[in-house]
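A.B. asks: Have a look at this one before I ask anything.
The values are calculated or read from the model by the stated rules, or taken from the named source; none is laboratory data. Every value quoted in this text rests on a predicted model; they were computed, and no experiment measured them. Note that each Cβ is placed from the backbone with ideal geometry, even for glycine, and that neighbours are counted across all protein chains shown. For accessibility, only protein heavy atoms count, side chains too; no ligands or nucleic acids. Shrake-Rupley method; radii C 1.70, N 1.55, O 1.52, S 1.80 Å.
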Amino acid sequence: MEPVLPKPTLMRQLPNGVWFLPPPATAGFDPVQVREAAGQLVVPDGVMVIAGTLPPAGVDGLVLRATELRLATVDPPGWTSVMDLLESVHDVPDRPRTLALFLYGAESASARMYAISLSVHIRQMLINGESGPRGGVVSLGGEYGLLGWLIGRRPVQWWAVKGKGVASPPLDSLEAAVHQAARDEWPAFDLARELRARVGGSVTPFGVGNAELAGLAAMEFFMDDGYLRTPAYTREAPRVVPGAPIGGGAEGSRVRVPVQHGPDAARQFYEARRWLRLGIVREAPTEDVPSVEVHLPPGVRGGVLRLPASDAGAALDVLVLTPLTDPSGRPDLDLWLNLYRNDRISGVLMDAAVVAQLHNAVPLDAGHRILVEERLNRVPVGRHKPGSVIQSADGRWLTAQEYATALPETGPDARIVVLWHRDRGRGNKFIAELAKHAIVVTPVHTTERGRLHTRWESIFDEAGSMRTFRADNLNEILIYLTGGHRAGTWEGTDLAAVTTTAELQSGRVQPPAGIAAAVRRVFETASMPASDAERWLSVPIPRGAETESGICSWLESQDVVVVEGEHEGYVRISVPGRYVRDVVVRRSADDSSIYQLLDVVALTGSGRARPRARHIGSHHWRLTPGRRGRSSVAPPPAYTDGDLAEDTTHGE
């Protein structure tokens, strides 16, 4: 039966089974020669070959053409996507296991980029549950040169797709490349396996990140209206059993968050804020784990998924939460937690970039008495004018007096309310009333020489007298209001904390709590490693302490170790790749560095057992994880049982 194409196209199948897309004159190749070369290919079983040429360079550039897998065509706009062509041939009896692109005349660099892009597209198709190939190969060469009558056609070679890259070097025949691609083809995508791997800290070929995995799980098992999606019936035991959904109601839902047992409210609240984030896959706490209850706002979707005991591991409950945004990539929204009266903890949906700033700006030892609210009403609400009421976490609109009754009881310590947005000329009466019960912090926007400048202002009514203080940034004003600068606070960005940590650790100094917390956030949001292959890192362990006990003792004093490149005089250690993240810090358009972040808490089994260090050569040690060396998705706090402000140093 002749395959059916949904729209007119010149792509047709040659007698040898190759799908041929004639190039336009602008491609620079004779269509007859391209067809002749494609017609000489011997197509192995289970392989679909699409033959064509690359579009002219034009203004798009090679990267864009390769990313979208563009091939030249006579149809406007002069190119089409390989994936569209694959989708258009929807009456092929058997879906091909391998897709081969015969790119007539492609240079090695171009073909390699197309092969890498093809692998990315195949990966995404499998993640989305679409039928399609699992392996791919891409050709280079094959055209007649300018002296073709003298030197003949350049030999055709083939890049075979391997993981997110290509196998090296290119092979001389399509058959050999197909065999290579079959050995390295993508496996079937298994959501249960990915969830177990993410919680357990292991690496899968797909390398699905937190946000993408949370979105996939929520879409698979929890519908947008908050009702449970009924799993399809199977004869085998289900690999994932969804529990009660989260979201869908007007008042949101509640979720349990694990915390360390103890009376320190600042410590518990810091842990809760650190643990509960959108787009992060977590192991749900069991009943015997100390926890606090958090009220979620409307707009959050997800739930708890039970992974029954199987050959893959013991039964496991996994919590997935995602905002109502596209599941791919990092979400645009995140949760910020506020503590209200009667120890009620409620989440506020805010821009993810704002939440990242707040994590840096709010001192760790005062977070339980600092509340952050989005803004006052911008339009009339009933009889209330704009700027006169604030929306509570459960959706009710409150006056300043009503909101004040919901503030937490913090004893002699002042409550602080940060209004992230303040509309000019509005809210003055609300702020003045609330300032009788708490310190109110708002942004103050000014324009100087056509540029917008933002400073922060605190207002507090002390016995009828308004006291104000201004600072250049939110972190500075909050540190001032909570007791002044002390060790453990951090006044920079997350990425700046990475470089600072590398400098401190190189001097044998343990980073303070605020810096360590910022680096942990960078680790959690960094891209997953491509494999679990062994990684060698130069770490600033004193060579005088170069014993198994000395190495393990130094590591156990850290949370995340940050290193950059190789250093003379350092000890080199080898660890499984799943414990390492590569992070790029850009100082300017032309100045950037790649840092390696090593999750020591996970490597040491969260303190449950030391890793084993085996000496294998001069200043070279191979480390294996401690028992139950599970991923540090939610590690212990970055500070010790002592004072939050304590700054411990480790000399040589």
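A.B. asks: Output the residue which, of all residues in segment 393-410 that are at pLDDT 90 or above and of a type in the set (Ser, Thr, Tyr), is least open to solvent (accessible area, probe 1.4 Å).
C.D. replies: Tyr403
A.B. asks: Identify all residues within segment 156-199 that are open to solvent by 30 Å² or more (accessible area, probe 1.4 Å) and assigned to a helix (DSSP H, G or I); write none if there are none.
C.D. replies: Glu175, Ala176, His179, Gln180, Ala182, Arg183, Arg193, Arg196
A.B. asks: Six or more apart or on different chains, Cβ atoms under 8 Å: show the pairs whose first residue is in segment 460-476 and closer than 17 Å to Thr446 by Cβ and whose second is among the β-branched types (Val, Ile, Thr) and outside any loop (DSSP other than H, G, I, E, B).
C.D. replies: Every condition considered, the pairs that remain are Thr468/Ile459; Phe469/Ile477; Arg470/Val444; Arg470/Ile477; Ala471/Ile477; Leu474/Val418; Leu474/Val441.
A.B. asks: Starting from segment 395-418, take each residue that is without any contact (Cβ under 8 Å) to a residue 12 or more places away in the chain and farther than 17 Å from Gly347 by Cβ and list its partners that are of a type in the set (Gly, Ala, Ser) and in a strand (DSSP E or B), counting only C-beta distances under 9 angstrom and pairs at least six apart or across chains.
C.D. replies: Within 9 Å, no pair qualifies.
A.B. asks: Looking at segment 527-544, which of the residues that are hydrophobic (A, V, I, L, M, F, W, C) and open to solvent by less than 30 Å² (accessible area, probe 1.4 Å) is modelled with the lowest pLDDT?
C.D. replies: Ile541
A.B. asks: Please find, within segment 545-566, the residue that is surrounded by the fewest Cβ atoms within 10 Å (Cβ to Cβ) out of those that are farther than 13 Å from Pro611 by Cβ and either among the hydrophobic types (A, V, I, L, M, F, W, C) or at pLDDT 90 or above (or both).
C.D. replies: Ala545
A.B. asks: Okay, next question. Taking the conditions exactly as written (open to solvent by less than 10 Å² (accessible area, probe 1.4 Å) and either under 19 Å from His368 (Cα atoms) or at pLDDT 80 or above (or both)), does Gly313 satisfy them or not?
C.D. replies: Criteria not met by Gly313.
A.B. asks: Using beta carbons and a limit of 8 Å, which pairs, at least six apart or on different chains, have the first residue in segment 575-586 and over 21 Å from Glu194 (Cα atoms) and the second one part of a loop (DSSP other than H, G, I, E, B)?
C.D. replies: Pairs that qualify, where the first residue is over 21 Å from Glu194 (Cα atoms) and the partner is part of a loop (DSSP other than H, G, I, E, B), are Val575/Glu534; Val583/Ala526.
A.B. asks: While we're on this one: When the residues of segment 320-335 are filtered to those that are at pLDDT 85 or above and buried (at least 24 other Cβ atoms within 10 Å of the Cβ), which remaining residue is farthest from Pro298 (Cα to Cα)?
C.D. replies: Out of the qualifying residues, it is Val320.
A.B. asks: Go through segment 364-382 and report how many residues are open to solvent by 20 Å² or more (accessible area, probe 1.4 Å), among the aliphatic types (A, V, I, L, M) and closer than 30 Å to Arg267 by Cβ.
C.D. replies: Summing the residues that are open to solvent by 20 Å² or more (accessible area, probe 1.4 Å), among the aliphatic types (A, V, I, L, M) and closer than 30 Å to Arg267 by Cβ in segment 364-382 gives 1.
A.B. asks: Hey, another quick one. Tell me which of these Ala57 doesn't satisfy, since it passes every other one: (1) part of a loop (DSSP other than H, G, I, E, B); (2) open to solvent by 30 Å² or more (accessible area, probe 1.4 Å); (3) touching a residue at least 12 places away in the same chain (Cβ under 8 Å).
C.D. replies: Single failed check for Ala57: (3).
A.B. asks: Still on this structure: Check segment 530-537 and report whether any residue there is in contact (Cβ under 8 Å) with a residue 24 or more places away in the chain, in a helix (DSSP H, G or I) and touching a Leu at 6+ places or on another chain (Cβ under 8 Å).
C.D. replies: The answer is no, given that none of the residues of segment 530-537 is in contact (Cβ under 8 Å) with a residue 24 or more places away in the chain, in a helix (DSSP H, G or I) and touching a Leu at 6+ places or on another chain (Cβ under 8 Å).
A.B. asks: Hey, another quick one. Just the residues that are at pLDDT below 90, open to solvent by 10 Å² or more (accessible area, probe 1.4 Å) and either basic (Lys, Arg) or over 17 Å from Phe189 (Cα atoms) (or both), please, taken from segment 117-143.
C.D. replies: Leu140, Glu143, listed by residue number.
A.B. asks: Could I ask something else about it? Output the number of residues of segment 603-628 satisfying the condition of being at pLDDT below 80, touching a helix residue (DSSP H, G or I) at 6+ places or on another chain (Cβ under 9 Å) and open to solvent by less than 20 Å² (accessible area, probe 1.4 Å).
C.D. replies: Qualifying residue count, segment 603-628: 3.
A.B. asks: Right, another one. Right, Gly569: out of contact with any Ser or Thr (no Cβ under 8 Å at 6 or more places or on another chain) and open to solvent by less than 70 Å² (accessible area, probe 1.4 Å) or not?
C.D. replies: yes
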